[in-house]
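All remarks here apply to the structure that follows.
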Amino acid sequence: MGSLTGVNPPAVTVFNKMGLVDYDAMKQHADFMIEQGVSGIAYLGTSGEFGVMTLEQKTELIRVMTPYINHRVNVMAGVGDTCLDNTCRLMETAEEAGADAVLAVAPYFSVYAEENIEAYYRELSRYSKLPIIIYNFPALTGFDMTPDLVTKLAMECPNIMGIKDTVPETEHLLAMMEIKKKKPGFMVYCAYETQALELVQAGVDGFVNATSNFAPRFTVGLFQAALVQDEEEMQKNFNNMCRASEVYQYAEPLLLAVKEAVYQKVLHRNGTEKLPGLSLSTENKLKIHEILKTI
């Protein structure tokens, strides 16, 4: 495993007309992102639509895509599920397949108290030796991982090594970055493009942002420019990231717009969706096409 810092796109999952994973398309997409200089790929996150996939489909995806990546970049395997047994099975699969880390979202739908969430992550830490990246997305899970809770888990669970903090409040991420003072090597990842410039200037460890599915060169460029403090290049890439993120407005959830951008920019063909996902209207596909022409 190399360093987990840098750009780790939350890869979309491409389905065929039968609702099965299209691995030819997935491999083409992976090659594109790798060629654009990403540090890793995160599978089965929110953009990867893990919630509409069977446990068998998710384990298969980890088993197919991890060896395909073949250590060219890191692989983060999403293991989120409402059932702890399923999460543990996915963690076991990730470890067997050679993944470099797991991305573990808090249990969702039922909103638990903090003591329940703490116990949950402690159990995950005991179950696997892989580095665990906490995935905090309170808008979808109903529970917000506080900096105090994450600090406690990070300090007492050796393999809890970072957090993807998907929140609109930049101060929340900055507070998470304070954990690094107590646990060197702890990583904080940003999800929203509009926060990217401020956070990279503050020393964020990486990005797991959806536009890096189809325009990774901008996020990679921002991260690399920050390493050498090239402010002009940082601003240029940040502007392009924000422009790319304008596709989000044309679908709900926004991941469907990201997939359309992948179809147009990377796969160069029409795509099919797995219900409840639906293909975008012709009008919105054209609007995304116009944005892609400008970046």
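The values are calculated or read from the model by the stated rules, or taken from the named source; none is laboratory data. Since the structure is predicted, the reported quantities are computational estimates derived from the model, not experimental observations. Note that we place each Cβ from the backbone using ideal geometry, even for glycine, and neighbour counts take in every protein chain shown. Ligands, DNA and RNA are excluded from the accessible area calculation, which covers all protein heavy atoms including side chains. Shrake-Rupley method; radii C 1.70, N 1.55, O 1.52, S 1.80 Å.
Distance from the Cα centre of segment 85-139 to that of segment 154-210, in angstrom?
17 Å
Just to confirm, what accessible area per residue do you get for the chain at 1.4 Å probe, in whole Å²?
On the way: 12480 Å² over 295 residues.
For the chain, the per-residue accessible area is 42 Å².
Compute the relative contact order of segment 237-295 as a whole-number percentage, counting only Cα pairs closer than 8 Å that sit 6 or more residues apart in sequence. Provide the component values of the computation, followed by the final result.
Working: 49 pairs, mean separation 23.6, N = 59.
RCO, segment 237-295: 40 percent.
Using a 10 Å cut-off on Cβ atoms, rank the peptides 262-275, 205-218, 180-193 from the highest mean neighbour count down.
Numbers: 262-275: 16.4, 205-218: 25.8, 180-193: 18.6.
By packing density, highest mean first, the sequence is 205-218, 180-193, 262-275.
Using a 1.4 angstrom probe and counting only protein chains, how large is the accessible area of residue 148 in Å², to 10?
Rounded to the nearest 10, that gives 130 Å².
Provide the packing ranking of 106-119, 13-26, i.e. peptides ordered by the mean count of other C-beta atoms within 10 Å per residue, highest first.
Working: 106-119: 14.4, 13-26: 16.8.
The densest-packed peptide leads the list: 13-26, 106-119.
Using a cut-off of 22 Å between alpha-carbon atoms, which lysines can reach residue 259, once sequence neighbours fewer than 8 places away in the same chain are excluded?
Here the lysines satisfying the reach criterion relative to residue 259 are 17, 27, 58, 164, 274, 285, 287, 293.
For the chain, what is the calculated [θ] at 222 nm in deg cm²/dmol (nearest 500), taking -39500 (n - 2.57) for each run of four or more DSSP H residues and dividing by its residue count?
-13500 deg cm²/dmol
For residue 205, enumerate residues with amide H under 5 Å from its amide H, sequence gap 5+ or separate chain, H modeled in the peptide plane.
For residue 205, whose amide H was placed from the backbone, the distant partners under 5 Å are 188.
Nearest 5 percent is fine: what portion of the DSSP beta bridges confined to the chain is antiparallel? Walk me through the numbers before you get to the answer.
Values: 2 of 27 bridges.
In the chain, approximately 5 percent of DSSP beta bridges are antiparallel ones.
Got a sec? Charge dipole of the chain, +1 on Cβ for Lys and Arg, -1 for Asp and Glu; which of 172, 282, 6 is way out at the positive end?
So the residue we want is 282.
So what is the relative contact order of segment 81-166, in percent, for Cα pairs below 8 Å that sit 6 or more residues apart?
Working: 107 pairs, mean separation 26.9, N = 86.
This gives 31 percent for segment 81-166.
Over all directions, how big on average is the projection of the convex hull of the alpha-carbon atoms in segment 200-258, in square nanometres?
Values: hull surface 15.5 nm².
Result: 3.9 nm².
To the nearest 20 debye, what charge dipole does segment 15-114 have about its Cα centre, counting +1 at the Cβ of each Lys and Arg and -1 at the Cβ of each Asp and Glu?
Numbers: 6 positive and 14 negative charges, 35 e Å.
Here segment 15-114 has a charge dipole of around 180 debye.
Using all Cα-Cα distances in the chain, what percent lands in each 5 angstrom bin from 0 up to the longest?
Percent of Cα pairs in each bin: 1, 6, 13, 17, 20, 18, 14, 8, 3, 1, 0.
Please give, to one decimal in nm, the separation of the simple spin-label points placed at residue 293 and residue 279, each 7 Å out from Cα toward the Cβ.
2.1 nm
Normalising by the residue count of segment 73-121, find the relative contact order in percent from Cα pairs under 8 Å and 6+ residues apart.
On the way: 45 pairs, mean separation 20.9, N = 49.
Result for segment 73-121 is 43 percent.
For segment 1-68, what % of the accessible area comes from carbon and sulfur atoms, probe 1.4 Å? Could you put the intermediate results ahead of the total?
Working: 1290 of 2490 Å².
Carbon and sulfur: 52 percent of the exposed surface of segment 1-68.
Using amide H atoms built in the peptide plane, which far-off residues or other-chain residues are under 5 Å from residue 160 H to H?
132
From the Cα gyration tensor of segment 1-92, with a ≥ b ≥ c the square roots of its eigenvalues, which class applies: rounded if a/c is under 1.5, or else prolate if a/b is larger than b/c, or else oblate?
Oblate, because a/c is 1.5 or more while a/b does not exceed b/c.
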